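Just below is one structure, and these are the notes that go with it.
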Amino acid sequence: MRHLFLIAVAIILASQLTIASAKASGAEQVYKFYCAQCHGLTGKGDGPNVTKDFPVSPRNFTNAAEMNKLSDADMRNVIMDGGPSASKSPMMPPWGKTLTDAEVNGLIKHLRTLCQCKGKQG
Amino acid sequence: MRHLILATLSTVALFAATTMATMGAANASAGGDVFAAKGCADCHYTQGPAREKTIDDQLAKKGPELWYAGSKFQKDWLGKWLTDPKPIRPMKFGSLTVENPADHPKLSGGDVAAVTDFLMGLTSADVAAGKVKPKKNPKGRQIFSKKMPCSGCHQYVGRKKKIMGGRSGPSLVEAGVRLNPDWILAYLQKPKVFKPVKMMPVFVGLLSDKDMLNVSRYVANFKPKKKKK
């Protein structure tokens with residue numbers, strides 16, 4: 001009976017881990033599909049749109065010092081409503097009508113993994 | 001006598017119209033056969049509605065969907081492009097790292113007209129005809145290059161005929177020769193119908209119908225400048 005219980009617990013834990021990793025890869029995929037065009041696949045702000053004519057420098061997500069100045073709420077605001085909502089360039093589109101809430105939440109977590117920083121709290 | 005001539009002329013005209021329509025349909029049907037035989041369907045699907053539901057679905061495609069090609073493209077341009085396919089996208093379809101290899105197969109001879117007829121027969125009821133008249137449009141220009149980030153991903157001809165703009169989306173240089181102006185508007189207004197999963201943001205709810213009309217007029221006016229005589 002005890003063995004059966006342990007096996008059941010192990011199965012539940014394994015399935016939770018699988019779901020968690022699927023979600024993580026989902027966020028990375030969302031990032032690479034929508035954001036990497038300008039911010040680059042590794043987040044350095046060097047996507048294929050950034051030619052010498054590009055009017056601004058897309059944010060480098062691997063710059064922890066700069067990324068730490070932003071709270072998660074700041075990032076959500078810019079993702080949803082675009083650059084001008086934070087007095088930044090309109091080259092950053094408003095994604096609020098494109099992405100789901102879950103995708104935006106996933107993106108914010110992914111950006112935190114790129115900068116390896118927690119950001120401004122509160 | 002006059003009635004007889006009119007009746008004869010009407011019959012001839014009707015016969016000619018029916019014959020041309022039949023020939024067109026036959027040519028389109030032949031074009032469908034060429035499309036299949038040449039392997040075009042390996043990269044392009046031609047039966048709507050849109051199938052993509054996830055990013056994986058979109059990334060699995062090797063080329064753009066063509067089920068509404070007849071509503072999207074201009075016939076003259078399509079025939080020329082099939083003969084001499086120059087890249088429309090700077091990057092390889094679906095890639096952010098690989099340049100467009102410019103290796104799209106070419107068609108020649110009677111295949112060109114047949115495939116053009118086939119593709120022009122693939123239309124969407126979601127494209128309303130006669131809505132967009134291409135014209136210089138300062139409001140559209142303002143939205144395209146200042147208010148919204150269109151130029152961030154799409155190339156266009158800027159000042160001093162310089163090609164400007166980003167490289168992840170299809171180029172819009174001479175888009176007015178390639179695209180049906182009414183399709184541009186329909187695509188902005190109903191993105192989920194044509195491309196449910198795409199790298200371009202949805203602008204429904206962000207731009208008004210009037211703004212979308214202005215942008216469509218502006219983009220539809222991207223044409224080569226006429227040479228001064």
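A few remarks follow.
- Pairs over the 26 Å Cα-Cα cut-off, from the set B:131/B:225; B:146/B:195; A:44/B:195; B:139/B:225; B:135/B:161: A:44/B:195.
- Given charges at Cβ of Lys, Arg, Asp, Glu: chain B dipole, positive-most of B:187, B:36, B:116: B:187
- Inter-chain Cβ neighbour average for residues A:30-37, partner chain, 10 Å: 4
- Put a plus charge on the Cβ of each Lys and Arg, a minus charge on the Cβ of each Asp and Glu, and nothing anywhere else: the dipole of chain B about its Cα centre is then about 1800 debye.
- Chain B: relative contact order as a whole-number percent, Cα under 8 Å and 6+ apart: 23 percent
- Whole-Å distance, taken between Cα centres, linking the range A:70-117 and the range B:37-84: 32 Å
- Between 0 and 90 degrees, the angle of helix B:209-220 with respect to the longest Cα principal axis of chain B falls at about 80 degrees.
- Nearest 10 degrees, 0 to 90: helix B:110-120 Cα axis against chain B principal axis: 70 degrees
- Going by neighbour counts of Cβ atoms within 10 Å, the residues A:34, B:45 line up, fewest first, as B:45, A:34.
- The 3J(HN,Hα) values that the Karplus relation (6.51, -1.76, 1.60; θ = phi - 60°) gives for the range B:96-101 are, in residue order, 10, 10, 9, 5, 4, x Hz. Gly and Pro appear as x.
- Estimated at 0.36 nm per residue, the fully extended path between residue B:44 and residue B:97 surpasses their Cα-Cα distance by 16.9 nm.
Every number here is computed from the coordinates shown, using simple stated rules; none is lab data. Just so it is clear, the structure is predicted and the values come from calculations on it, not from any experiment. Backbone-built Cβ (ideal geometry, glycine too); neighbour counts: all protein chains shown.
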